[in-house]
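Heads up: the structure comes next, in structure tokens.
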Amino acid sequence: MLAMVRACAVIGLEGCIVEVQVDFNPRAQLPSFSLVGLPDSAVRESRERVRAAIKNSGLQFPNKGYVVNLFPADLPKHSTAYDLSIATGILAATDQLPLERLEGAMFLGELSLDGSVRHIKGILPMVYTAQQAGYQTVYVPAEDADEAGLIEGIDVIPVNTLGEMVEHLYGLKRIPPHQTPIQPFDAMPRDDNLTDFADIKGQQHVKRALEIAAAGGHNVIMTGVPGTGKSLMARAMPGILPRLSMDEALEVTRIYSIADLLGGRGLVQQRSFRAPHHTISQAGLVGGGTIPKPGEISLAHRGVLFLDEIVEYPTKVLEVLRQPIEDKVVTIGRAKGSVSFPANFLLVAARNPCPCGNYGDPVQTCTCSPNMIQRYQSRLSGPLLDRIDIHIDVPRVEYDKLMSDERAETSADIRARVESARVRQAERFADMVGLYTNSDMNVGQIQTLCQLRPEAQQLLELSTRRMQLSARSYHRVLKLSRTIADLNDSDHIEVHHVAEAVQYRPKQAEF
């Protein structure tokens, strides 16, 4: 007897329907269990898990011939998520489940030997694929129900054991569909571990630069002697970023689901802050592996990627950031195909000015030679620095400011201005797909949306000639000027907006 059950494979962030075809031969002379369709080791081992789970659930596993085909056969199968669908197909093929109850349903989950249904990764994109394909029901592990329930328009049935699912399909003990309660975003508390800008003494000009970066999604690099608060201010950045929209939250949750980093929570409602160590590999940063999975830049999607002491990272690792910074997506190619992951992150980098860290400090004497300083600073290539919008020097904080009781502006106050600027951008990009912030604009959109006053145009022309700005730098100054104008609630880019934007371009070092 032949039975067909639907499962799902995940390729990158997208799901692909897999049809599990189970053929049972009761006349087989010798017992056999063949599994075909490009299964990897984890999928091939499902034969033993399924056999034990069916028997230990009080069901029958006739010791005859079975052939299980995973269609499409040319798609590699890597996940343990096929266990439940294979077991369901075997039970249906041996007349232990009604075939009509399998129509319009998808079965996802890993089986334990005792018949319990265990957690799998990537459940959110799988359920989304089922919903988009028109399925009415999806059976998932109970511990993954909160994540699966984020997708509307499909009944999510949480399953604890294989026997429980059989009783439900026969109508003996119904399992109600699971609904995930989503707390309103406005009511979500802020992370108490975030540093508040009000607790950071001095550095007003740096805070202003970070506010502009948050408002327009601009990359920023801070240069200063050790102990001036670079890392502290970087870690305060998520506190001034706008709250995630529902679409953004679902997109981030899909990435964390595939990476298996949700930790039992449902929807990701806080912007991520990723700070990988400088010993990270290229694959760890951009993603990779035999089965490509997201790297740190994708885990920082819609959030902050902080590279502390950026010059300590291997040059080959840093250079792979060029394409994701420009395209907001990273494509990982392998022999069996390529996958793409979103990587629209806000890069915040920090570095010392020299190996000893004291170059340019009026208090401590620098012990580095000019050649040492030049070699140290040249670890960051020109093309990479050219892709960073804001370059800001972070000076030492004076003692009087450290001891002052005066409380600076809070993160909530700054965030209010940032959100106001983001609202202006959302209105401007309402008819443009894929645009969220000014940093997302391409060249054609910059020319259309970044209208300068004549005086501002003259200043930009003069700055471009004197500073020898590249075409990329020119366009980044325009996008930065547009963000500054948005923070000032201005429809046009004025001369003082361009003047401030130009100040954030890197200056030539003098040794």
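The values are calculated or read from the model by the stated rules, or taken from the named source; none is laboratory data. No experiment lies behind these values; they were computed from the predicted model shown. A quick note on method: Cβ atoms are made from the backbone with ideal geometry, for glycine too, and the neighbour counts reach across all protein chains shown. Ligands, DNA and RNA are excluded from the accessible area calculation, which covers all protein heavy atoms including side chains. Shrake-Rupley method; radii C 1.70, N 1.55, O 1.52, S 1.80 Å.
Is it true that S79 is open to solvent by less than 70 Å² (accessible area, probe 1.4 Å) and modelled with pLDDT of 95 or more?
Criteria not met by S79.
So which of D260, D247 is assigned to a loop (DSSP other than H, G, I, E, B) and not hydroxyl-bearing (S, T, Y)?
Among D260, D247, only D260 is assigned to a loop (DSSP other than H, G, I, E, B) and not hydroxyl-bearing (S, T, Y).
For every residue, the table says whether it meets (1) assigned to a strand (DSSP E or B); (2) at negative phi.
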position: R302; (1), (2): no, no
position: T331; (1), (2): yes, yes
position: P353; (1), (2): no, yes
position: Y376; (1), (2): no, yes
position: D393; (1), (2): yes, yes
position: K401; (1), (2): no, yes
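Just to be sure I understand the filter: pairs with C-beta atoms under 7 Å, separated by 6 or more residues or on different chains, first member in the stretch 249-267 and open to solvent by less than 10 Å² (accessible area, probe 1.4 Å), second member part of a helix (DSSP H, G or I). Which pairs pass?
Listed by first residue and then by second, the contacts come to T253/L124; I255/S298; I255/L299; S257/I123; S257/L124; S257/P125; S257/E147.
Of all the residues that make up the stretch 374-408, how many are within 16 Å of A234 (Cα to Cα) and touching a helix residue (DSSP H, G or I) at 6+ places or on another chain (Cβ under 7 Å)?
So the count comes out to 4.
Can you tell me which residues in the stretch 393-416 are farther than 17 Å from D196 by Cβ and open to solvent by 60 Å² or more (accessible area, probe 1.4 Å)? Lay out the reasoning, then the answer.
To start, the set of residues in the stretch 393-416 that are farther than 17 Å from D196 by Cβ comprises 393-396, 398-400, 403.
The answer is D393, P395, R396, E398, Y399, D400, M403.
Of the residues E326, E406, E398, E419, which single one is of a type outside the set (A, V, I, L, M) and under 16 Å from A214 (Cα atoms)?
When all the criteria are applied, what remains is E419.
Does the stretch 86-112 hold any residues that are open to solvent by 10 Å² or more (accessible area, probe 1.4 Å) and of a type in the set (S, T, N, Q), and which are they?
Within the stretch 86-112, T94, Q96, S112 qualify.
Could you list all residues from the stretch 113-125 that are open to solvent by 20 Å² or more (accessible area, probe 1.4 Å), in a loop (DSSP other than H, G, I, E, B) and in contact with a strand residue (DSSP E or B) (Cβ under 7 Å, 6 or more places away or on another chain)?
The answer is H119, and nothing else.
Run E419 past the list (1) open to solvent by less than 50 Å² (accessible area, probe 1.4 Å); (2) in contact (Cβ under 8 Å) with a residue 60 or more places away in the chain and report the number of the one that doesn't hold.
Against the list (1) open to solvent by less than 50 Å² (accessible area, probe 1.4 Å); (2) in contact (Cβ under 8 Å) with a residue 60 or more places away in the chain, E419 comes up short only on (1).
Only one of L469, L480 is over 29 Å from the mean Cα position of the chain (by Cα), among the aliphatic types (A, V, I, L, M) and not in a strand (DSSP E or B). Can you tell me which?
L469
Report yes if some residue within the stretch 429-443 is over 21 Å from P342 (Cβ atoms), open to solvent by 50 Å² or more (accessible area, probe 1.4 Å) and either touching a residue at least 60 places away in the same chain (Cβ under 8 Å) or of a type in the set (S, T, Y) (or both); otherwise report no.
No, the stretch 429-443 contains no residue that is over 21 Å from P342 (Cβ atoms), open to solvent by 50 Å² or more (accessible area, probe 1.4 Å) and either touching a residue at least 60 places away in the same chain (Cβ under 8 Å) or of a type in the set (S, T, Y) (or both).
Matching residues to (1) out of contact with any helix residue (DSSP H, G or I) (no Cβ under 7 Å at 6 or more places or on another chain); (2) at pLDDT below 95; (3) at positive phi:
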residue: N56; (1), (2), (3): yes, no, no
residue: D95; (1), (2), (3): yes, yes, yes
residue: M106; (1), (2), (3): no, no, no
residue: E110; (1), (2), (3): no, no, no
residue: V140; (1), (2), (3): no, no, no
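So that you can scan it fast, the table gives a plain yes or no per residue for (1) out of contact with any Asp or Glu (no Cβ under 8 Å at 6 or more places or on another chain); (2) surrounded by 15 or more Cβ atoms within 10 Å (Cβ to Cβ); (3) closer than 30 Å to A215 by Cβ:
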position	(1), (2), (3)
P276	no, yes, yes
T279	yes, no, no
L285	no, yes, yes
T290	yes, no, no
E296	yes, yes, yes
H301	no, yes, yes
F306	yes, yes, yes
I310	yes, yes, yes
Y313	yes, yes, yes
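Out of curiosity, is Q451 surrounded by 12 or more Cβ atoms within 10 Å (Cβ to Cβ) and within 20 Å of R387 (Cβ to Cβ)?
no
For residues in the stretch 40-66 being in contact with a Ser or Thr (Cβ under 8 Å, 6 or more places away or on another chain) and outside any loop (DSSP other than H, G, I, E, B), which is nearest to M165 (Cα to Cα)?
A53
If you check every pair at least six apart or on different chains, which have Cβ atoms under 8 Å apart with a residue in the stretch 444-458 that is among the basic types (K, R) first and a residue that is part of a helix (DSSP H, G or I) and open to solvent by 40 Å² or more (accessible area, probe 1.4 Å) second?
R453/V495
For V477, state whether it is closer than 30 Å to D413 by Cβ, touching a residue at least 24 places away in the same chain (Cβ under 8 Å) and surrounded by fewer than 20 Cβ atoms within 10 Å (Cβ to Cβ). Even if it seems obvious, please write down each step before you answer.
Working: closer than 30 Å to D413 by Cβ: yes; touching a residue at least 24 places away in the same chain (Cβ under 8 Å): yes; surrounded by fewer than 20 Cβ atoms within 10 Å (Cβ to Cβ): no.
Here the answer is no, as V477 does not meet what is asked.
Looking at the stretch 430-465 only, could you name the residues that are of a type outside the set (A, V, I, L, M) and under 18 Å from H496 (Cβ atoms)? Before you say what the answer is, go through the steps one by one.
To start, the set of residues in the stretch 430-465 that are of a type outside the set (A, V, I, L, M) comprises 431, 434, 436-440, 442, 444-445, 447-448, 450-451, 453-455, 457-458, 461, 463-465.
Passing the criteria: N438, C450, Q451, R453, P454, E455, Q457, Q458, E461, S463, T464.
Condition first: touching a Gly at 6+ places or on another chain (Cβ under 9 Å) and loosely packed, with under 15 Cβ neighbours inside 10 Å. Now tell me which residues in the stretch 361-392 satisfy that.
Q364
Within the stretch 410-462, how many residues turn out to be in a loop (DSSP other than H, G, I, E, B) and of a type in the set (K, R)?
1
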